[in-house]
Every structure is written in C-alpha cells, then in structure tokens.
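Right, one structure below, let's go through it.
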Amino acid sequence: MVLASGNSSSHPAFFILLGIPGLESFQFWIAFPFCAMYAVAIIGNITLLHVIRIDHTLHEPMYLFLAMLTITDLVLSSSTQPKMLAIFWFHAHEIEYHACLIQVFFIHAFSSVESGVLMAMALDRYVAICFPLQHSSILTPSVVTRLGAVVLLRGLLWVSPFCLMVSRMPFCQHQVIPQSYCEHMAVLKLVCADTSINRGYGLFVAFSVSGLDMIVISTSYVMILRAVLQLPSGEARLKAFGTCASHICVILALYIPALFSFLTHRFGHHVPQVVHILFANLYLLVPPMLNPIIYGVRTKQIRDRVTQGCCGKDL
C-alpha cells in the first residue's frame, strides 16, 4: 500500500470504500432507488428554496429556518450520494485520503447544522403558539439570522477537531472502509494508535449537539402541548397541532435513523453489518428527500405557490 508521509503521521494515499458488504451482487440495482431518492431530494429542496426566495409573504421565521434546512439537506445529501452511485454503478471504490476527510467533515458538520436548525424551528413554534402576539417582535429577521449563524458555527467548530486529530495520527496497512462513505468512526478504526481521546470527543460532540437539541425540542413541545390543551375550542387546538405536525415528522425522520446508526456503530455489535450500513445510507438520504415533500404537502402557502408555478402563474 502507498503511504504519504506528513510531519507527524503517515497516511494512505487513498481508502477503499466497499459500498454495502454482503450485497455486492445487488448494488447495481440498489443504486436505482438511491438515485431516484437523491433526485427527489435535489429537485424538492431546490424548488422549496426557490419558492421561499421569490415569495416575500414567506419571509417569516418559520420559512427562513426552512430555507436553512433545505440548504443543509442539499449539502448533506450531495456529500455522499454522487460517490455512492459511482461505487454502485462504476466500481469506483477508491477515495483519496484528503477527499475522505473532507467527506467526514461535511457529513458530521452539516448533520449538526440540521439538528440545530430543527431545534431553532422548535423554538419558533414554541414562540408562535405560546406568545403569538410577541412572535414578530421576539423572532426578528436579525434574531433569525443570528440563530442560523450560531447553528452553522457550532457545526463547523465542533466537528473541525475530528479531521484535525485524525489527520495527525498514523494509519495501519489496512485501508478498507466497509461502507459507502467516509464516516468518523469508520476512519478511526483504521488508525494504528490509541483513539480513546478521539472516541471520547466524538461522544462529547454527539451529546452536546444532538443531546442538547433534543432536550430543547422536547421541552419546547411539552410547553406547546400544555398551551394547546388550554385552548378553549377543539378547532383552535387542531389548528395549533397542525402547525407543528410537519416539524414533528421531519424531526422523527432525522433522529430515528440517526440514533440507530450512532448506537449500532458504538454498541450494536450483534446488529448485522448490512442492516447498519443500509440505515447509515438512508440516514443521509431519507430526511433530505422527505423534508420538502412533508412541508410542500402540509404547508398551504408553499403548496399553493408550487401549484401556481406548475400552472404557469406568478413564477
């Protein structure tokens, strides 16, 4: 194997991504539904972003956060899917060392950003339902912008040490990653050194990012539930729940596969590898595909605007 020497470590010139071990003979056909889901994610998110951009009535906190979510989904899905399809269709298993670390950075940084945006959207729903008269004065455009900047910086700053620490460590002769993309824990398993600090930092980031976000989201919805149940009419309660339904669906679509992938990577030694890798792939593809569909179908303003565009009106 070819090794490149650095100041403090040696690393392989490239890694080998296997794709989905155990399903090699089916990967060519598996790529078709993956490609279809990726196409839906790209078209759906670009359409949603375009609608929010051109319709000034949608320049409210909820839709501005939604625009941030669509950009995050585009980056997150595009960081893995083109290479994955190249592996499945063209057997392009090699990935250059630095390209692998860049992929690690984008996957984890923008997963953190997506989680943070969902947290910000939960806060928006909390303010909108519990303090409706003060909503526009509390969540001003400048506050929304600052929240988005904090979420982005948190993802970039928290995840950057992953790549910096790994890049300064020596690698073993083994250069095969039994997945379809470069993920922090998978790359870490190829290091020939003590990785306890890296693993500890990974757990810290997971709990300080996703853990904190889930606590804020859960607390927000507990407060929302209390406020909604105190509304006098059933119609008002139903309308309030309806404004939160899309966001809850998006949260579940992200966190269920994410938690499964995270827990099985570290503790699920008895989970079949093929199941873990399939969930890891779907975790980065299903939420970006579902988010524009969920919001497009359930949000009347967006649905009407897209319908007008399809009919050739106003767009």
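Within 12 Å, Cβ to Cβ, of F65, how many net charges do the neighbouring residues add up to if Lys/Arg are +1 and Asp/Glu are -1? Let's see the in-between values first.
Numbers: positive: R125; negative: E60, E114, D124.
Overall, the nearby charge balance is -2.
Which of L17, L118, L278 moves the most in a Gaussian network model of the chain with Cα springs under 10 Å? Fluctuation is largest for L278. Scanning the chain for long hydrophobic helices, with DSSP H runs required to stretch 24 angstrom or more by C-alpha along their axis and to average at least 1.0 on the Kyte-Doolittle scale, returns 27-54, 61-78, 97-130, 141-167, 212-229.
Note on surface exposure: K83, K189 rank K189, K83 by accessible area, highest first, 1.4 Å probe. Build a GNM of the chain with springs between Cα atoms under 10 Å apart, and of I107, I30, I197 the one that fluctuates most is I197. For the peptides 60-66, 256-262, the ranking by packing is 60-66, 256-262, with the highest mean count of neighbouring Cβ atoms within 10 Å listed first. Both radii come from the Cα set of segment 215-257: Rg as radius of gyration, Rh as Kirkwood radius; their ratio Rg/Rh reads 1.04. Per residue, the accessible area of the chain comes to 48 Å² when a 1.4 Å probe rolls over the protein heavy atoms.
DSSP beta bridges fully contained in the chain are about 80 percent antiparallel.
The values are calculated or read from the model by the stated rules, or taken from the named source; none is laboratory data. Nothing here was measured: the structure is a model prediction, and the numbers come from that model. Glycine also receives a Cβ, built like all others from the backbone with ideal geometry; neighbour counts cover every protein chain displayed. What goes into the accessible areas is simple: the full protein's heavy atoms, side chains included, and nothing from ligands, DNA or RNA. Shrake-Rupley method; radii C 1.70, N 1.55, O 1.52, S 1.80 Å.
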